[in-house]
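Notes for the one structure printed next.
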Amino acid sequence: MKVNAQSVNFNANPELIHFLQHRMDKLETFYDKVIHSDVFLKVENTSSKENKIVEIKVKVPKDHFMVKKQCRSFEEAVDSACNSLERKLKKMKGKHSPRA
């Protein structure tokens with residue numbers, strides 16, 4: 001899957017980008033018609049420890065989904081966002097699958 005990752009106000013390390021790509025590739029097992037996705041990684045300037053924000057936009061035929069998660073680490077936020085997308089893609093696949 002084509003993943004366009006953008007880090008806002010910081011430079012993402014290669015391990016984070018690799019983790020992100022690997023986790024996003026797993027989404028194709030739930031719905032194989034994903035066209036591409038845009039991921040925005042942001043650090044919020046607050047005193048809170050949960051200042052890492054991940055926004056994921058996934059484009060599928062005739063629709064798109066957006067999930068935004070805020071956690072202590074980017075890995076945790078990516079994992080949580082991907083879990084939400086998995087549920088949405090499963091629901092969409094159920095709606096579009098032919099009834100027997």
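Rule-based calculations on the coordinates, nothing more; no lab input. Bear in mind the structure is a predicted one, so any value in this text is a computation, not a measurement. Note: ideal-geometry Cβ built from the backbone for every residue, glycine included; neighbour counts use all protein chains shown.
So for the stretch 2-95, what percent of the C-alpha to C-alpha distances run longer than 19 Å?
Considering the stretch 2-95, 36 percent of its Cα-Cα pairs are separated by more than 19 Å.
Which of the lysines could a cross-linker span from K52 if the Cα-Cα distance has to be under 28 Å and same-chain partners fewer than 8 positions apart are dropped?
K2, K26, K42, K68, K69, K88, K90, K91
Suppose the chain between M1 and K49 were pulled fully straight at 0.36 nm per residue; how much longer would it get relative to their current alpha carbon spacing?
Contour length minus the Cα-Cα distance gives 14.1 nm.
What full-extension length gain, to one decimal in nm, is calculated for M66 and A12 as 0.36 nm per residue of separation minus the Cα-Cα distance?
Additional length available on full extension: 17.3 nm.
What's the magnitude of the charge dipole for the stretch 1-44 around its Cα centre, counting Lys and Arg as +1 and Asp and Glu as -1 at the beta-carbon? Answer in Debye, nearest 20.
So the magnitude is around 40 debye.
Among S84, L16, N51, whose Cα lies farthest out toward the positive end of the dipole of the stretch 2-95, if unit charges sit on the beta carbon of Lys, Arg (+1) and Asp, Glu (-1)?
S84
What value, in deg cm²/dmol to 500, does the helix sum -39500 (n - 2.57) over DSSP H runs of n ≥ 4 give at 222 nm once divided by the residues of the chain?
-12000 deg cm²/dmol
Counting only DSSP beta bridges with both residues in the stretch 2-95, what percent are antiparallel, rounded to the nearest 5?
DSSP beta bridges in the stretch 2-95 are roughly 70 percent antiparallel.
Explain nothing, just the number: dipole magnitude of the stretch 23-100 about its Cα centre with +1 on each Lys and Arg Cβ and -1 on each Asp and Glu Cβ, in debye rounded to the nearest 20.
440
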